[in-house]
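Every number in this text was worked out from the coordinates using simple rules, so none of it is lab data. All figures in this text were calculated on a predicted structure; none of them were measured in a lab. Cβ placement follows ideal geometry from the backbone for every residue including glycine, while neighbour counts extend to all protein chains displayed.
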Amino acid sequence: DIKAEFFEENMSLQASQNIIYTNREEESLDNIYLHLYPNAFREEDKVPFEKEEMKRAYPKGFDPGYIDINSIKEGKRSIDYKIMGENSVILRITPTKPLKPGKTINLTIDFNLKLPNTVGRMGYGENTINITNWFPIMAVYDEGGWHLDPYYAIGDPFYSEVAKYNVSFIAPKKYDVASTGDIRKVKENRDKKTYKIEADLVRDFVMILGEKFEIKETSLDDTKVVSYSIDGQKGDKALQYGVDSLKIFNELFGMYPYEQLSVVACDFFIGGMEYPNIVMISQELYEIKEDFPLEYVVAHEIAHQWWYGIVGNNEVEEPWLDEALTEYSTLMYFEKKYGHHIKEQIFEKMIEAQYQKYIDFEMDRGEGILRSLKEFNSSWQYSSIVYSKGAMFVSELRDEMGDANFIKALREYFEAFKFKNASTESFYKICQDNSKKDLKPLFNLWLNGKNE
C-alpha cells in the first residue's frame, strides 16, 4: 500500500508505503533487501547513462534525483536499516527477529523522492513527468539468494516478483495520470486530485503525468486500451497499434490478464520502455513522418507485457530471455498483420542487418547471447547481441521445431510461468518437450557460442 503526494514546485514526492511480505523460502531470513533505484541518479559521474548519452538524457544539464528514507517501522516499532551497495541503491532492513519460513512481516517506510530533470525512465521533461522505479521495491530472493544488482547503464537492470498494489496518489488538478493498474476513484478538491489505484499481480508500479495529454480509449475482449498522446499527435494511430498488438499477442501466446493497457507518449530519449499495463513511447516517434517506427516500438513494448510483465525473468543475468523473445514476437506481429513477406523484409533489413553491421565493426567473438548486463560494454553491443542475434536464434528455433510446436511451446511457457519468474533452463525444457528434434546443440550454439 502506497500513499504519495506530488509537489510540482520542487518536483518531489512525499510518500509512505506499507509492505506485507511473506517468507516463502525454506530458511529464515535475517535481513530483507529492497532496491532504491532513484539513488542511481544522485551523482553526475555515477548516473546510469553512457557518456555519449548524457546530453540527450539531460538536455538542460545535470540535475540530481534521489530517494531519502525518513523512517522504517516493523508494526509500530522503529527498526534497524542500512543503505548500501554501489550508488546507495540497496536498502537492508533487519527485522527484530529473523523471519521464519511461512511467516509474514509488516513494514512501513516513509520516504521522499526527488525527480531529476532528465528524459530517461525516471524524471521529467517539457511534457511529461515519468514516475518510474520510484519507491523501495522488494529484491528477489531465490535459489541464488538475494539479488542485489546495481543499476546498470546498459539494458533493463530489473528483477522483481509480482505483488498487489493499492495506491493513493495526490497530484495537482491540471495533470492527467496514466498508471499501472486501474484507477478506481478520482476525488477532486480545490486544486488537487486524489487517485485511488489498484493493481493486482504486477511486478512494478508506475505513473506518468502530463498536462497536454489527449486521451482516447477503446476496448478489446476484457481490456480497455488507452492512448495518451501529446496534443493529439498520432494518438489514433498509437491506439490502433495498441489494439492490434493486444489482439495478435492474445491469439498467439495467451490472454492478457489485466483490465487496462496504456500507450503513453513521453519525454523519453530511448525509444520505448515497458512497465506493467503501461508502455512509455518516445514523443520523437510521434513527431516523425513515417508511421513504421512508432508501430514497431509500440508492438515491441506491448510484447513485453507477456515477456517480462506476466512471465518474469532476471533481466540482469539473462536479458536475452525477455528481449530476444520480445523482438521476435514483434516480427510475429508484423507477420500476422501484414503477411510473411513483410516480416521477412523487416527481419533482413533491421534484425540481420544490425547484427551484420555490428560484426563488421566489432567482431562478435562468438560468446553467445546468454550474457549478463555487466558483460556488455556498450548499448550498441547489447542491442546487436541480445535483440538482433537473439531474434535470429528464436527464428532458427521456430524453423527447427516447426510452426505448430513452436507456438504450442510459447503458449505452454506463458501458462506455466504466468506471474512467476522463468529461466533459460525452464524455457529450454518446454521447447524440448514440444520438439521431435534434440534442441540442445542449437541452444548451446546460440546461447553459449559452443559447437561452432
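Add +1 for every Lys or Arg and -1 for every Asp or Glu among the other residues with Cβ under 11 Å from the Cβ of Asp200, and state the total. Net charge in that neighbourhood comes out at -2. Peptides 201-213, 318-330, 6-18, 248-260, ordered by how many other C-beta atoms sit within 10 Å of their residues on average, highest first, read 318-330, 201-213, 248-260, 6-18. A simple charge model with +1 on the Cβ of Lys and Arg, -1 on the Cβ of Asp and Glu and nothing else charged puts the dipole of the chain at about 1320 debye relative to its Cα centre.
Placing +1 on the Cβ of every Lys and Arg and -1 on the Cβ of every Asp and Glu, with no other charges, gives region 21-62 a dipole of roughly 460 debye about its Cα centre.
Indicate the gyration tensor shape class of region 227-360 (rounded, prolate or oblate), computed on the Cα atoms with a ≥ b ≥ c the square roots of the eigenvalues: a/c under 1.5 is rounded; otherwise a/b larger than b/c is prolate and the rest oblate. In terms of gyration-tensor shape, rounded. What does the C-alpha gyration tensor say about the overall shape of region 135-251? Classify as rounded when a/c is under 1.5, otherwise prolate if a/b is larger than b/c, or oblate. Oblate. So for the chain, taking the charge dipole from beta-carbon charges (+1 Lys/Arg, -1 Asp/Glu), which of Pro95, Ala303, Tyr333 sits furthest toward the positive end? Result: Pro95. Only bridges whose two residues both fall in region 260-306 count here: according to DSSP, what percent of them are antiparallel, nearest 5? In region 260-306, approximately 45 percent of DSSP beta bridges are antiparallel ones. With a cut-off of 11 Å between beta carbons, the residues surrounding Gly145 carry a summed charge of -4, where Lys and Arg count +1 and Asp and Glu -1. With N the number of residues in region 64-181, Rg(Cα) / (2.2 N^0.38 Å) evaluates to 1.21. Using the rule -39500 (n - 2.57) for each DSSP H run of four or more residues, divided by the residues of the chain, the 222 nm mean residue ellipticity is -8000 deg cm²/dmol.
Only Lys, Arg, Asp and Glu carry charge here, each on its Cβ (+1 for the first two, -1 for the last two); on that basis region 1-121 has a dipole of about 320 debye about its Cα centre. According to the calculation over all Cα-Cα pairs in region 352-438, the P(r) per 10 Å bin from zero is 16, 39, 31, 13, 0 %.
Calculated from the alpha-carbon coordinates, region 40-108 shows an Rg and a Dmax of 17.4, 50 Å respectively.
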